[in-house]
Structure formats: structure tokens, C-alpha cells
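Inspection log for the structure reproduced underneath, given as C-alpha cells.
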Amino acid sequence: KNEVEQSPQNLTAQEGEFITINCSYSVGISALHWLQQHPGGGIVSLFMLSSGKKKHGRLIATINIQEKHSSLHITASHPRDSAVYICAVRPNTGNQFYFGTGTSLTVIP
Amino acid sequence: EPEVTQTPSHQVTQMGQEVILRCVPISNHLYFYWYRQILGQKVEFLVSFYNNEISEKSEIFDDQFSVERPDGSNFTLKIRSTKLEDSAMYFCASSDWGISYNEQFFGPGTRLTVL
């Protein structure tokens with residue numbers, strides 16, 4: 001069974017704090033997506049990873065394939081970062097992505 | 001920047017009615033997907049579509065559901081006889097081929113409410 005676990009479920013941070021959101025999964029994967037979902041419901045792709053590390057602005061995503069773990073970091077957090085962050089993995093076999101339940105982030109000014 | 005679009009943004013229907021949700025994927029993409037998210041729950045895969053046929057579907061995608069690419073641009077999800085539990089946000093996504101295959105681009109979603 002493909003399990004995708006995220007932690008924490010909810011996170012409240014002060015503006016400027018460094019934030020880490022974790023994702024663990026149970027099967028071998030070909031790709032991992034970090035996605036952002038705003039209160040209106042729309043989903044935006046932040047990163048697609050198959051190894052190593054990627055950086056885009058204040059966002060950094062890392063993945064450790066051996067440990068089946070990925071992290072999303074936000075540096076110098078801002079209230080506009082408030083959203084639900086979702087991890088999704090594509091197993092080595094098949095086309096579909098399996099999604100975590102998301103981490104709800106609130107950044108307080 | 002190219003984007004996936006979906007219509008309508010919100011659809012309200014009576015139980016037992018048929019609904020068609022529409023998506024226009026990014027124009028040069030070859031792989032298309034439908035997902036759903038019941039309120040308060042995680043996103044779930046419904047179906048993937050490539051080369052004018054279903055390439056994979058989940059157990060949720062039963063005989064009440066069908067997908068179609070009626071022309072070169074639209075990708076539709078049909079629910080034949082809606083049930084209350086079909087109320088959800090439905091997301092369409094598309095991806096390119098080759099090394100870009102795994103990066104999916106999502107539409108803004110259609111919120112389906114079944115009364």
C-alpha cells in the first residue's frame with residue numbers, strides 16, 4: 001500500500017521564521033511533487049523532485065531516496081506563504097500520484 | 001505562461017443528473033489526469049489518459065465515470081448519475097513527455113455540489 005505521511009499537520013509561524021515540512025513515503029518512487037493549495041482551492045506545483053535538492057526563491061526542497069523522505073523548507077516566511085502544502089509521490093510502477101493529507105501553514109505578521 | 005483551465009468553476013446539480021466537467025490542458029502536453037478532493041480530505045487520483053485511451057484508473061473511477069478528449073483541446077470528465085458523495089473539488093492536470101513527464105500542471109478546479 002502506498003502511504004504518504006506529512007508532518008506536521010498544522011503549523012503556525014511568526015513572519016520571518018524558517019519553516020520545515022516533512023514528507024515520508026513507503027514505496028520506491030520515480031518522482032515527488034510539492035504542491036501548494038490556497039484557501040480558494042487551486043493547486044500550484046512548487047517542485048518536482050527525483051533526487052537531490054531544488055531551490056526556487058525562498059523555497060527549498062530536498063529528497064533522500066534511500067530514506068524515503070523529503071522536506072520542504074521556507075526561509076524568511078511571510079503571511080502570503082499561508083496555504084496548505086501537499087506532498088505527492090509517483091511510485092516506480094504506474095502513472096498515478098498518491099497524495100499526503102497536507103500541512104496547513106499559517107504565518108502570522 | 002501556458003496554464004490548464006477548467007470550466008465551470010462551480011457546478012450545482014441534483015442527485016441522479018449527469019454532469020460534464022471540462023478541462024483544457026496545456027497545448028503541447030500529452031498526458032491528462034483527473035483528481036478529486038472531497039472537502040477536508042486529501043486529493044485522490046481518478047484517471048490518467050494518454051494517446052486517446054485510459055492508461056490507469058483508480059477504484060473510485062467506476063462505471064459512472066468516463067473521460068473523453070472530443071477534440072484537440074478539451075478533456076472532459078463525465079459523471080453519468082451523480083450521487084451525494086460525488087460532491088467534491090475536481091482537478092484536471094496535464095504533463096509533457098520525456099524528462100518533463102512527471103511534472104504535472106493543475107487546473108484551478110471545478111467545485112461540484114450534488115444536492
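The values are calculated or read from the model by the stated rules, or taken from the named source; none is laboratory data. In this text, all values refer to a predicted model and were calculated from it rather than measured experimentally. So basically every Cβ, Gly included, is an ideal-geometry build from the backbone, and we count neighbours across all protein chains shown. Just the protein is used for accessible areas: all its heavy atoms, side chains included, with ligands, DNA and RNA removed. Shrake-Rupley method; radii C 1.70, N 1.55, O 1.52, S 1.80 Å.
Candidates are the residues of the range B:27-37 that are under 17 Å from A:L35 (Cβ atoms) and not aromatic (F, W, Y); the one that is nearest to the other protein chains (Cβ to nearest Cβ) is B:Q37. Just so you know, in the range A:1-35 the residues that are hydroxyl-bearing (S, T, Y) and modelled with pLDDT of 95 or more include one that is nearest to A:I74 (Cα to Cα), and it is A:T20. Pull up the range B:5-53, narrow it to residues that are of a type in the set (V, I, T) and open to solvent by less than 10 Å² (accessible area, probe 1.4 Å), then point me to the one that is farthest from A:Q96 (Cα to Cα). Among those residues, the one meeting the criterion is B:V19.
Yes or no, residue by residue, for (1) away from chain B (no Cβ under 13 Å); (2) buried (at least 16 other Cβ atoms within 10 Å of the Cβ):
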| site | (1), (2) |
| --- | --- |
| A:I63 | no, yes |
| A:P79 | yes, no |
| A:A83 | yes, yes |
| A:Y98 | no, yes |
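Counting only strands (runs of 3 or more DSSP E) that sit wholly inside chain B, those with at least 1 residues that are β-branched (V, I, T) are B:5-7, B:10-13, B:19-24, B:44-50, B:53-57, B:65-68, B:75-79, B:110-114. Of all residues in the range B:47-61, exactly one satisfies the criterion of being facing another protein chain (nearest Cβ under 9 Å) and more than 13 Å from B:F32 (Cβ to Cβ), namely B:S58. In the range A:36-107, counting only strands (runs of 3 or more DSSP E) that sit wholly within it, the ones holding 1 or more residues that are over 24 Å from B:K57 (Cα atoms) and touching a residue at least 40 places away in the same chain (Cβ under 8 Å) span A:69-74, A:83-91. The residues of the range B:63-115 that are open to solvent by less than 20 Å² (accessible area, probe 1.4 Å), away from chain A (no Cβ under 14 Å) and of a type in the set (S, T, N, Q), listed by number, are B:T76, B:T82. Every test in (1) farther than 24 Å from A:G100 by Cα; (2) touching an Asp or Glu at 6+ places or on another chain (Cβ under 7 Å); (3) not charged (D, E, K, R) is passed by B:I60 save one, and that test is (1).
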